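Peer 1: Right, I'll just put the structure down here and ask away after.
Just so it is clear, none of the values below were taken in a lab; they were calculated from the coordinates. Fair warning: this is a prediction, and the values are worked out from it, not measured in the lab. Backbone-built Cβ (ideal geometry, glycine too); neighbour counts: all protein chains shown.
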Amino acid sequence: MDKLKGLNTSLAVTAAVCASTALLTYIICNLRSRDEEQSQRSATAAKRASERTVKDKSQVQEGKPKGTLLNDLSLQEIYLWEVEHLGAHFKSEFTGMNKMKNQSAYSEYTSEPSSPVAVSTGDGSDYNKLISNHEVIIADIKQKPAAGGGVNRTRAYVRAGPRKHLHFNPSGVTAAIVTCGGLCPGLNNVIRELTNTLIHLYGAKKVLGIRGGYAGFYTDAWQPIELTPEIVNNIHHEGGTFLGSSRGGFDIDKTVAFLKKHKINQLYVIGGDGTHRGAFRIHEECMKLKMNVGVCGIPKTIDNDVDHIDRSFGFSSAVQAAQSAIRTAKTEASCNLPNGIGIVKLMGRSAGFVAVHAAMSSGDVDLCLVPEIPIVLEGEKGCLPFLQRRVKEQGFAVVVVAEGAGEELLGESTETDASGNKKLPAIGEFLKSKINEFFKKNDPQGATVKYVDPSYIIRSCPANAADSLYCMQLAQNAVHGLMAGYTGFSVGLCNNRMVLLPIPYLVETSPRHMDAHGRTWERVLSITRQPNTAKPMKPGEVVSYAPMLR
Ligand SMILES: Nc1ncnc2c1ncn2[C@@H]1O[C@H](COP(=O)(O)OP(=O)(O)O)[C@@H](O)[C@H]1O
Ligand SMILES: O=P(O)(O)OC[C@H]1O[C@](O)(COP(=O)(O)O)[C@@H](O)[C@@H]1O
């Protein structure tokens, strides 16, 4: 019996040893095959990489870029948004070379072929890069193969920057600068950089600042100010406009008479779409009267609703300034019991870009309401029951509402301001009372609603670093454009490059709106998780994207 037991034990031991050996063998084999597979994969990857390097090298040698040629994608038609040039009507006043006056130590704007300090362009200029009149920036950088054998088309913009040849003799230039419409962070940066570029870089004769917007051309009490680099030296640290601005007021005859009287040959107009419409009328009138005057617009509005450009200056500062208002609302909402709700009203007459960008960047907003998306108060998609749910979850809620939202509830106003812009009903107060009513009806504790209206605080702040940089680029390129003889144009950033845009095209689709079916709104929904109350797309409607965030 004992023997049998011993045999059983040794059999069990042998079986266990066999099993572990088999397992070990299996593991080793598996590891080996995994190693082999891995080294095979590495070899294939290395082979592919080396083939790619060889291919890239040979393409580069042939003067082509690296990468794979897409045979199914090509850009067949490019349509240039041409900018008018004074050279088509008037003889150029200057035969010399465009030099940076503040760098040309030995010869300033003479017709000598080269300056002793010129280094980089090799053609007598002090600029590292002069932009040729044929350089363009492609507008539609997003491309896919055209369906059904069609062609891919895009528009293109004239690239901004210093030109080799100037239309105006800089020392004969008397320029005027005017700021129109609502305030916007960065106005002073633009005024300052226009003045400095005109005087330091080009050596212009005189720069006049027109006070109080378009009305300053004919209001005796607001005499123009002569701008010098000393006078404008510190203005960029302040919000608002050194020159003053106004709504309403535009008189073409008196404006042109002013230009004639002061022998102004370059006019810089800083303003939104309304201001640009006025600027183009001045340009047309000057052409009609055969006046050799260049007119340039510089797009301004915190609303960011000027079409085609990546963004308008002041928008980024406004979005940044809105953050502290949103944080204030969150603190008030979270600390005031019961059921704290903070509402922040932000500017945005017909476009909700400030509100959506402030909401997205803050990350603290539970409900964002903008003019482009109808407000639904109650029911399945209602914002009031949604707020109640959010308050139940986290104890409080933060709402951001653009001033132009809710027209469908409050009715369209028939009143207008001096510029003809619609006056807006009080959406902030309306929301506050609707929230209070709803909570009183549906929650025994009611709600504690705090309303924050930081509108003018946001609009009157100084420009942040990003906007200051942008204003500098806009002003310099505006001067380069007018000095070269372009006219009736506006400057802006398109696909992160500075371009010149013909004003009629720019204003044709301005003010622009956020696409209710685009990705910006989709991002807001993903962050707030609020119900989507956008009207459904009509059959055949195509989604377009808000240029700011694609
Ligand atoms: N179509 C137009 N033609 C000429 N001037 C205009 C036009 N629209 C607006 N303006 C003038 O432009 C200035 C600014 O207009 P406004 O609408 O207040 O601001 P924004 O230019 O920012 O849209 C005002 O002096 C206004 O009278
Ligand atoms: O009270 P004001 O000065 O008329 O300005 C209010 C409006 O100004 C804006 O900031 C836009 O101004 P602009 O169109 O002049 O750029 C809107 O958002 C707002 O409705």
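Peer 1: For the stretch 127-260, what is the convex hull volume of the alpha-carbon atoms per residue, in Å³? Don't skip to the answer; put the middle values down first.
Peer 2: On the way: hull volume 26.7 nm³, N = 134.
Hull volume over Cα atoms, normalised by residue count, gives 200 Å³.
Peer 1: Right, here's the next one. Can you give the direction-averaged projected area of the convex hull of the alpha-carbon atoms in the stretch 291-449, in nm²? Spell out each step's value before the answer.
Peer 2: Numbers: hull surface 46.1 nm².
If I average the Cα hull's projected area over directions, I get 11.5 nm².
Peer 1: How much space per residue, in cubic angstrom, does the convex hull of the C-alpha atoms of the chain take up? It would help to have the intermediate numbers written out before the result.
Peer 2: Details: hull volume 163.1 nm³, N = 550.
Taking only Cα atoms, the chain has a hull volume of 297 Å³ per residue.
Peer 1: Moving to a separate point now. When the helix-only estimate is applied to the chain (DSSP H runs of n ≥ 4, each -39,500 (n - 2.57), divided by the residue count), what is the mean residue ellipticity at 222 nm, nearest 500 deg cm²/dmol? All intermediate terms of the calculation are to be shown ahead of the outcome.
Peer 2: Numbers: 13 runs with 200 residues, N = 550.
About -12000 deg cm²/dmol.
Peer 1: Which far-off residues, 5 or more places away or on another chain, put their amide H under 5 Å from the one on V449, with H placed in the peptide plane?
Peer 2: The answer is I341.
Peer 1: Here's something else I'd like to know. Within 11 Å, Cβ to Cβ, of T509, how many net charges do the neighbouring residues add up to if Lys/Arg are +1 and Asp/Glu are -1? Display every interim value, and only then the final one.
Peer 2: On the way: positive: R512; negative: D273, D305, D307, E508.
Within the 11 Å Cβ shell, the charges total -3.
Peer 1: Please report the Cα spread of the stretch 368-456 along all three principal axes, rounded to whole Å, starting with the longest.
Peer 2: The Cα atoms of the stretch 368-456 stretch 46, 28, 19 Å along their principal axes.
Peer 1: I would also like to ask the following. Helix 383-394: angle to the longest alpha-carbon principal axis of the chain, degrees 0 to 90, nearest 10?
Peer 2: 50 degrees
Peer 1: Taking Cα atoms, how many degrees apart are the long axis of helix 519-528 and the longest axis of the chain, rounded to 10 and kept between 0 and 90?
Peer 2: 60 degrees
Peer 1: Could you rank the peptides 63-76, 160-173, 245-258 by their average count of other C-beta atoms within 10 Å per residue, with the highest value first?
Peer 2: Highest to lowest by the protection proxy: 160-173, 245-258, 63-76.
Peer 1: Let me ask another. May I ask for the percentage of alpha-carbon pairs in the stretch 439-550 that lie more than 22 Å from each other?
Peer 2: 62 percent
Peer 1: For the stretch 194-260, what is the convex hull volume of its Cα atoms per residue in Å³?
Peer 2: Values: hull volume 6.4 nm³, N = 67.
For the stretch 194-260, the hull spanned by Cα atoms encloses 96 Å³ per residue.
Peer 1: Given the convex hull over the Cα atoms of the stretch 349-397, what projected area results after averaging over all orientations, in nm²?
Peer 2: Projected over every direction and averaged, the Cα hull of the stretch 349-397 covers 3.7 nm².
Peer 1: Can you tally the net charge around K422? Count Lys and Arg as +1, Asp and Glu as -1, for every other residue whose Cβ sits under 12 Å from the Cβ of K422.
Peer 2: Working: positive: R349, K423; negative: E403, E407, E412, E415, D417.
Net charge around K422: -3.
Peer 1: May I ask for the equivalent-ellipsoid semi-axes of the stretch 439-490, computed as the square root of five times each C-alpha gyration tensor eigenvalue and listed largest first in whole Å? Don't skip to the answer; put the middle values down first.
Peer 2: Working: eigenvalues 493, 34, 13 Å².
The equivalent ellipsoid of the stretch 439-490 has semi-axes of 50, 13, 8 Å.
Peer 1: Just to be sure I understand the curve: with the Debye formula and one point per C-alpha of the stretch 317-408, what is log10 I(q)/I(0) at q = 0.14, 0.20, 0.21, 0.23 Å⁻¹?
Peer 2: Scattering profile of the stretch 317-408, log10 relative to I(0): -0.47, -0.92, -1.00, -1.15.
Peer 1: With axes computed from alpha carbons, what is the tilt in degrees of helix 252-261 against the longest principal axis of the chain, rounded to the nearest 10 within 0 to 90?
Peer 2: Approximately 60 degrees, to the nearest ten.
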